[in-house]
Structure formats: structure tokens, C-alpha cells
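Report on the following structure.
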Amino acid sequence: MKKLRVAVLGATGSIGDSTLAILAAHPEAYDVFALSGYHQLDKLLELCQKFIPERVCVPEASVDEFAKLLSDNHLNIDIVSGQQGLIDIATDRQTDVVVAAIVGAAGLPSTLAAAKAGKRILLANKEALVMAGQLMIDAVKSHQATLLPIDSEHNAIFQCLPAHIQAERSQIHEGCFGVRKLWLTASGGPFLNQSFEQMQQASIKEAVNHPNWSMGQKISVDSATMMNKGLELIEACYLFDLPEDKINVAIHPQSIIHSMVEYSDGSFLAQLGSPDMKTPIAHALAYPNRIDSGAQPLDLFALNALEFIKPDEQKFACLKLAREAMKSGNGATIVLNAANEIAVEAFLAGQLGLTQIAEINEQTLVSLPEMLPNHADIDDILAIDAKARQISQNLIAKAR
């Protein structure tokens with residue numbers, strides 16, 4: 001079989017680490033065609049030295065500096081920059097697979113471009129669907145792209161769906177194929193067994209100290225507030241074409257069952273595995289085949305118990321806000337995502353308390369009850385996103 005040429009957008013993050021470890025373990029099947037990085041350019045240089053991609057994308061302000069680093073290390077790699085550079089890589093005729101692992105709204109334009117170019121997309125950037133769900137799904141269908149989720153929860157659901165749905169990569173619809181509900185599992189994060197008052201006093205170090213998963217700071221904070229699960233709920237609505245009331249969330253502290261599909265005959269199908277992102281990434285890379293991911297195999301005999309707990313939506317208010325935003329429509333999900341990105345940045349900068357993130361998110365939603373126009377395009381979406389960010393920044397300034 002022909003080698004697949006892979007572009008890893010967001011190569012210096014935790015998803016990039018896991019993806020590149022799998023690619024390195026299977027050189028007979030994959031070539032690293034392109035990489036991108038934003039903050040950790042020293043790490044990006046190391047990756048360029050190791051994988052020798054043909055193209056690399058860096059921030060516009062870093063082009064000259066990075067070009068010199070490549071030259072000093074005798075690396076002849078084409079440099080592109082900024083959003084246009086990411087789009088160029090995502091749509092390059094030589095790119096077979098796009099790993100969409102850029103955190104936040106910054107990953108939307110290149111992911112949408114990959115869909116319009118008919119690429120195989122391994123989606124880790126949940127914001128692409130939270131902000132532009134219908135636009136993304138329509139682009140995938142219209143341009144015959146392949147969209148495979150690599151969030152562990154959505155990948156687990158995909159694996160538990162009927163084989164013919166997987167093969168056609170079609171969405172499921174209410175009342176069809178015997179699917180009654182989807183169940184997203186959540187670890188509960190570092191504050192599962194702490195009170196709301198303790199969460200109010202949480203330090204940055206405590207908030208990013210996830211009990212089961214190794215992740216970047218932003219997603220770790222989202223896990224602590226359960227906003228991450230709220231965003232995943234919205235993403236699941238678009239991926240699987242179900243209303244939010246057909247998607248349940250269960251806290252599962254062991255992070256062994258990654259999600260479940262409940263069928264109308266009473267069956268629950270669950271995907272189990274060690275908490276390692278290499279498993280869903282390897283599944284999507286090789287689909288419909290299977291390859292060794294390098295993840296530690298699950299030892300069933302070491303499992304003492306599998307717990308399931310109903311989330312406290314008063315304590316984890318972000319989860320409730322996400323559900324309400326999905327009910328309100330795509331305008332609200334854009335506003336919520338933008339407000340949350342700004343609020344998390346403020347928390348990590350020491351400007352907000354952890355529980356104030358939900359307060360800023362809610363206040364922004366109230367201040368900007370946006371509705372997307374029919375046939376909205378990416379410019380409409382980014383305009384709402386920009387307004388929401390400005391409002392949340394103003395609210396944070398008042399809250400200090």
C-alpha cells in the first residue's frame with residue numbers, strides 16, 4: 001500500500017506527541033509531510049530534525065528566526081506562516097491526512113479548508129465543530145472528505161456504532177439504527193471529590209494537575225471545570241446528528257470506559273482501554289484496519305471497580321452552560337467557546353479564580369445573544385467570535 005503523507009497541525013502539543021510517536025513506529029505506512037507549531041519553536045525545530053518534513057508552519061513573526069535555525073542545522077524545509085500557511089498545508093495536494101490538533105478557535109480555518117479539499121481529517125480540535133458544526137459537516141459531505149474523531153470519547157462512540165455507519169461515515173439520526181442514547185464519560189478532573197468552596201480557592205497548579213491524562217494547560221483547566229465535557233457534548237451533537245437530550249454525561253473516575261452507545265434493545269456497547277491518546281489516534285490513522293499504538297495494554301485483572309457518577313451541574317456550571325448553549329443554537333455555542341478561551345487565559349494568568357470562568361462564560365452569553373444568519377460562512381462565525389472575546393475581556397477587567 002502507498003504510504004500516507006501526514007500533516008500534523010499542532011505538532012508540539014500532547015496530541016502531536018502521541019501522533020508522532022505512532023508515525024515514527026510505522027515508517028512503512030506513514031511519512032511526516034508537514035508540521036506546525038506556535039509557542040514551542042525549540043521543540044518544533046527538534047521535530048524537524050527528527051522527521052525532516054517537507055513543510056513547516058510557524059507564526060508570522062517567527063519566520064526569519066526559524067528560517068535561520070533551519071539553515072544553521074542544514075535543513076532544507078519550506079516555511080509557511082500564520083493562518084494562510086496552515087491552510088496551505090491542509091490543502092496541499094501532497095497531504096493525505098490532516099491531524100487537526102491546534103487548540104481553540106485558531107484551528108478552525110485550516111480544519112475547514114481541509115474538509116473543502118476532501119482530506120482525511122483526524123479531528124482533535126473540538127472547537128471546529130463547536131463553532132462551525134453544520135458548516136464543517138456540510139463541507140465534509142459536499143467534498144467527500146473523511147472526518148474521524150480522535151478525542152477519546154468521540155472515537156469510542158464511533159467504534160461502538162454499527163459497522164455500516166462507520167463504513168459510510170454517515171451520521172446517525174434519531175430513531176434510526178436502534179441508537180437510543182450516547183454516553184460521554186468524564187474523569188471528573190482534579191476537583192471531583194472537593195467542594196465548590198475548595199474549587200473557588202484552587203491554584204493554577206492544582207487545576208492543571210489532571211488525575212489520569214497528560215494534556216496541555218488549556219484542556220486541563222477545561223477538564224477541571226468540566227467545560228471540556230460540555231464542548232464534547234456540543235461536538236457529539238454535530239458528529240452524530242443527535243439533539244443534546246440524547247447525549248448523557250457520566251463521571252467515570254477510572255477513565256477506562258471512554259464512552260458508550262445505548263441501543264433501543266437495552267444493549268450498551270462500550271469501548272475500554274488505558275487512558276492513553278495513542279489508542280484513538282492509532283485507530284483513526286489506520287481505519288478501517290488496526291495497528292499497534294504503543295499504548296500500555298489494559299490489565300483487566302488490575303481493575304477493582306468501575307464507578308459512574310451523575311455530574312453536579314451546580315458545581316460544574318460550565319457543563320450546564322454548554323447544554324443550554326446547544327439548545328439555543330450555533331450562535332450561542334460560538335459565544336460560549338470564545339468566552340471560555342478568554343476566561344481560561346485569564347485564569348492561567350492569575351487574573352481570575354477557577355469558578356469565575358463559568359461566571360464570565362454565563363455573563364458573556366447573556367450580553368451577546370447572537371443568532372447566526374442562514375447559510376452563515378466562516379466570516380460570520382469569526383465575527384461573532386471576535387465580539388464575544390471583546391465582551392468577555394471587558395467583563396474580566398471589571399471582575400479584577
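Taking the number of Cβ atoms within 10 Å of each Cβ as an exposure proxy, the fewest-first ranking of Glu345, Glu359 is Glu359, Glu345. For the pair Glu168 and Lys3 in one chain, pulling the backbone fully straight at 0.36 nm per residue adds 57.1 nm over the alpha carbon distance. When the chain is treated as a GNM with alpha-carbon contacts under 10 Å, the residue of Ser152, Ser14, Ser110 showing the greatest mean-square fluctuation is Ser14. For the chain, a Gaussian network of Cα nodes joined below 10 Å ranks Asp299, Asp276, Asp312 by mean-square fluctuation, and the top entry is Asp299. Residue separation of Gln40 and Ser264 scaled by 0.36 nm, minus their Cα-Cα distance, works out to 75.9 nm of gained length. Between rounded, prolate and oblate, where does segment 210-306 land on the alpha carbon gyration tensor, with a ≥ b ≥ c its root eigenvalues, rounded for a/c under 1.5, else prolate if a/b exceeds b/c? Rounded shape, in that the Cα axes give a/c under 1.5. Is the shape of segment 310-385 rounded, prolate or oblate, going by the alpha carbon gyration tensor and its root eigenvalues a ≥ b ≥ c, with a/c under 1.5 for rounded and a/b larger than b/c for prolate? Verdict is oblate for segment 310-385. Ordered by the count of other Cβ atoms within 10 Å of each Cβ, fewest first, Ile334, Ile219 give Ile219, Ile334. Projecting the Cα positions of His154, Gln166, Asn125 onto the charge dipole of segment 105-186 (unit charges on Cβ atoms of Lys, Arg, Asp and Glu, taken about the Cα centre) puts Gln166 furthest along the positive direction. Stretching the chain fully between Asn248 and Glu313 yields a gain of 22.1 nm (0.36 nm per residue, less the alpha carbon separation).
Match the structure shown to one of the listed values (1) 19.6; (2) 23.2; (3) 22.3 of mean projected area of the Cα convex hull in nm², computed from it, and give that label. Here the calculated entry is (1). Net charge in the neighbourhood of Val32 (other residues with Cβ under 12 Å of its Cβ; Lys, Arg +1, Asp, Glu -1) is +1. Please name whichever of Asn289, Ala250, Ser220 sits farthest to the positive end of the charge dipole of the chain, dipole taken about the Cα centre and charges placed at Cβ: Lys and Arg +1, Asp and Glu -1. Result: Asn289.
Over all orientations, segment 4-149 has a Cα convex hull whose mean projected area works out to 7.8 square nanometres. Other residues within the sphere of radius under 15 Å centred on the Cβ of Leu372, judged by their own Cβ, net out at -4 (K and R +1, D and E -1).
Counting only whole DSSP H helices of the chain, the ones at least 18 Å long by C-alpha along their axis and with mean Kyte-Doolittle hydropathy no lower than -1.0 are 127-142, 227-240, 330-348, 378-399.
Rounded to the nearest 20, the Cβ-based charge dipole of the chain about its Cα centre (Lys and Arg +1, Asp and Glu -1) stands at 260 debye.
So what is the calculated 222 nm ellipticity per residue for the chain, using -39500 (n - 2.57) for each DSSP H run with n of 4 or more, over all residues, to the nearest 500 deg cm²/dmol? Dividing the helical sum by the residues of the chain leaves -14500 deg cm²/dmol. A simple spin-label model places the labels of His375 and Asn76 4.8 nm from each other, with each point 7 Å out along Cα-to-Cβ.
Ranked by how many other Cβ atoms sit within 10 Å of their own Cβ, fewest first, the residues Thr91, Thr111, Thr146 fall in the order Thr146, Thr91, Thr111.
Beyond 32 Å in Cα-Cα separation lie the following of the pairs Lys246/Lys315; Lys278/Lys387; Lys126/Lys310; Lys116/Lys387; Lys119/Lys320: Lys278/Lys387; Lys119/Lys320.
Where a number appears in this text, it was derived from the coordinates with a stated rule and is not lab data. Nothing here was measured: the structure is a model prediction, and the numbers come from that model. All Cβ positions, glycine included, derive from the backbone under ideal geometry; neighbour counts span all protein chains shown.
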